[in-house]
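Undergrad: Just dropping this structure here.
The values are calculated or read from the model by the stated rules, or taken from the named source; none is laboratory data. What you are looking at is a predicted structure, and each value in this text was computed from that prediction instead of being measured. Because the Cβ atoms are built from the backbone with ideal geometry, glycine has one as well, and the counts that use them run over all protein chains shown. These accessible areas exclude ligands, DNA and RNA; they are computed on the full protein's heavy atoms, side chains included. Shrake-Rupley method; radii C 1.70, N 1.55, O 1.52, S 1.80 Å.
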Amino acid sequence: MSVLEALAIFAAGMAAGTINTIVGSGTLVTFPTLLFFGYPPVVANMSNSVGLVAGGITGVHGYRAELRGQAHVLKRLIPASLVGSVGGALLLLVLPPEAFQTIVPVLIGLSVLLVVVGPWLQRKLAKAHGEQDPVPQGRIRLAVLLGGILFAGAYGGYFGAAQGVLLMGLMSVLMTESLQRINGYKNVLGMVANAVAAVVFMLVAWDDISWIAAGLIAAGALVGGYIGAHVGRRLPPWALRGVIVVIGVAAIVNLLS
């Protein structure tokens, strides 16, 4: 590996760690970078998932203020993300990449729309059901929330690009929380999905992971996670929604191209 290649992969990891912490979709930076340098798609995907765990850790740490006192909420959300990510990681080993290519852009587009109309829908649902608990108590809404997180976890384990956009769209409508706190939840769930997928890949396909590439991405993402938390926590809700919309649209264009 040349110095230029190493620096490029490190920089991609730092950008991905920053983007993931603010909203998600960092994989759209690192994955194409690895492909550019000749890594096979499955190797690139697995190495990327392993490397980005570090950025998830620093991103969660950066949002610790928003997450303080929220263990009771996370205990209800994390299992769905964990189970989904195990399934998604295993699917990567048996399914062709084209399996999600048709539906994922549609889901991202829907998620972007939900982020935009989230405050209005949130107020409507809260008024209709009178709920103050951040996790919906109605069976249907709770099932939709946990089912959506399960699916996002599976997608995160399988590929992961724009997983954060999917989670933000879903939770911003169904949970009575501020956008910044929801972003904190998203960082935890995204880290869980990446970490679980990484463990599955290490157990099942250790020799197929490029550990040099994964290490460079991890080093960059470790720094990027702190940068992303510093920037993301200072964005007002309207600006954060704007960033989500821009990245979501960019993700759709990238996946359809």
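Undergrad: Considering every pair of different Cα atoms, what Kirkwood radius, in Å, is found for region 181-244?
TA: Radius from the Kirkwood sum: 13.8 Å.
Undergrad: Which loop trypsin sites (Lys or Arg not before Pro) in region 1-109, with loop taken from DSSP, have no more than 15 other Cβ atoms within 10 angstrom of their Cβ?
TA: In loop regions of region 1-109 (DSSP not H, G, I, E or B), the sparsely surrounded trypsin sites (Lys or Arg not before Pro) are 68.
Undergrad: Please report the net charge: other residues with Cβ closer than 15 Å to the Cβ of residue 201, K and R +1, D and E -1.
TA: -2
Undergrad: Give me the accessible area per residue for region 194-257, probe 1.4 Å, as a whole number in Å².
TA: Heavy-atom accessible area per residue stands at 51 Å².
Undergrad: Note down the nm distance, to one decimal, between modelled labels 7 Å out along Cα→Cβ at residue 93 and at residue 142.
TA: Between residue 93 and residue 142, the simple spin-label model gives 3.4 nm.
Undergrad: May I ask you to order 141-147, 86-92, 216-222 by the average number of other C-beta atoms within 10 Å around their residues, highest value first?
TA: The most tightly packed comes first, giving 216-222, 86-92, 141-147.
Undergrad: Right, next: With each label point set 7 Å from Cα along the Cα-Cβ vector, what nm distance links residue 204 and residue 246?
TA: Distance between the two pseudo-spin positions: 3.7 nm.
Undergrad: Also, I was wondering about something else. Roughly how far apart, in whole Å, are the Cα centres of region 159-231 and region 17-59?
TA: Taking the Cα centre of region 17-59 as reference, the centre of region 159-231 is 9 Å away.
Undergrad: Net charge near residue 56: determine it from the other residues with C-beta under 14 Å of the C-beta of residue 56, scoring Lys and Arg +1 and Asp and Glu -1.
TA: +2
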